[in-house]
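In what follows, a structure is listed as structure tokens, so that the remarks can point back to it.
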Amino acid sequence: MAFTLPELPYAHDALQPYMSKETLEYHHDKHHQAYVTNGNNLLKGTEFEGKSVEEVVRGAFGKNQALFNNAGQHYNHLHFWKWMKPNGGGKIPGSLEKALLDGFGSVDKAKEDLIAAGTGQFGSGWGWLAVVNGKVVASKTPNGENPLVHGGTPILGVDVWEHSYYIDYRNRRPDYLKAFVDHLVNWEYVAELYEKAAK
Ligand SMILES: [Fe+2]
């Protein structure tokens, strides 16, 4: 199926002051749209036409780099908009809290490891929490990669491309990551993905 740009699940100004209207106008309306447009052009005539975005991401990895880059970023951003919400970062649903305790020893350590992964990613990429062999682990990936191509199921990702934070935070990537974890994460959506992945 062709890739399509989803509507943001909130208004462009709904995540202020932690993520500005201007950032979301560029990031969602321009950058994500470009991944959709380029991805659809690159899909034409390939064996991946008509496949789900997950199948395209897994199938194109290591085979068709240009298609992978755009499909990977389409997948990542589809979830990224839902990984945030206004007044996010609050209470973590019980099932997920238990999994984070199990994987990291404490919820704070899980958050710290996610922030460290995002801070430690050299250049463009993503910080992740993913389910690998039934456990939640933190990781980082470059560019459009994600845990789907490294044996995991992503449950939370934070975009550390400069287009995600430079308007609001300039070079202060750690401040952006802390604001994301403390004020933006939609933990209900993370828990929903965890429950599906853990089945
Ligand atoms: Fe992005």
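Our estimate of slack between Leu5 and Glu22, defined as 0.36 nm per intervening residue step minus the Cα-Cα distance, is 4.3 nm.
Could you pull out which residues in region 122-150 have an amide N less than 17 Å from a spot 7 Å beyond the Cα of Ala116, following the Cα-Cβ vector? Flagged as within label range: 122, 127-130, 136-141. Dipole check for the chain: with +1 at the C-beta of Lys and Arg, -1 at the C-beta of Asp and Glu, and the Cα centre as origin, the magnitude is about 300 Debye. Over all pairs of distinct alpha carbons, what does the Kirkwood formula give as the hydrodynamic radius of region 1-103, in Å? About 15.3 Å, per the Kirkwood formula over Cα pairs. Counting every C-alpha pair in the chain, the share spaced more than 26 angstrom apart comes to 29%. Please quote Rg/Rh for region 83-199 to two decimal places, taking the Kirkwood radius as Rh and restricting both calculations to Cα atoms. With Rg and the Kirkwood Rh in hand, the quotient comes to 0.94. Taking amide H as placed 1.01 Å from N in the peptide plane, the amide H of Gly125 sits under 5 Å from that of Asn143, Val160, Trp161, each at least 5 places away or on another chain. For the residue pairs Lys109/Lys196; Lys98/Lys199; Lys85/Lys178; Lys30/Lys196, the C-alpha atoms sit more than 21 angstrom apart in Lys109/Lys196; Lys30/Lys196.
Given a Förster radius of 30 Å and the C-beta distance between Glu195 and Ser124 as r, what FRET efficiency does 1/(1 + (r/R0)^6) yield to the nearest 0.05? Display every interim value, and only then the final one.
Working: r = 30 Å, r/R0 = 1.01.
It comes to 0.50.
With θ taken as phi - 60° and the Karplus curve 6.51 cos²θ - 1.76 cosθ + 1.60 applied, the whole-hertz 3J(HN,Hα) list for region 26-40 is 6, 5, 7, 6, 9, 5, 5, 4, 5, 5, 5, 4, 5, x, 5 Hz, x standing for glycine and proline.
Each Cα pair under 8 Å and six or more residues apart adds its separation to the average, and for region 36-144 the resulting relative contact order is 19 percent. Applying both filters, DSSP loop and at most 14 other Cβ atoms within 10 Å, to the chymotrypsin sites (Phe, Trp or Tyr not before Pro) of region 104-133 gives Phe122. Placing dummy labels 7 Å off each Cα toward the beta-carbon, the span from Asn133 to Val107 is 2.8 nm. Compactness ratio for region 36-90: Cα radius of gyration over 2.2 N^0.38 Å (N = residue count) comes to 1.32.
Once the 1.4 Å probe is applied to the protein heavy atoms, the chain comes out at 47 Å² accessible per residue. Estimated from the Cβ-Cβ distance and a Förster radius of 22 angstrom, the FRET efficiency linking Asp13 and Tyr166 is about 0.75.
How much of the pair distance distribution for region 62-134 lies past 16 Å, counting alpha-carbon pairs only, in percent?
Every Cα pair in region 62-134 considered, those over 16 Å come to 64 percent.
The values are calculated or read from the model by the stated rules, or taken from the named source; none is laboratory data. For clarity, every value in this text was computed on a predicted model and none was experimentally measured. For neighbour counting, all protein chains shown are included, and Cβ atoms are generated from backbone atoms with ideal geometry for every residue, glycine included. Areas reflect the complete protein model, heavy atoms only, side chains present, ligands, DNA and RNA absent. Shrake-Rupley method; radii C 1.70, N 1.55, O 1.52, S 1.80 Å.
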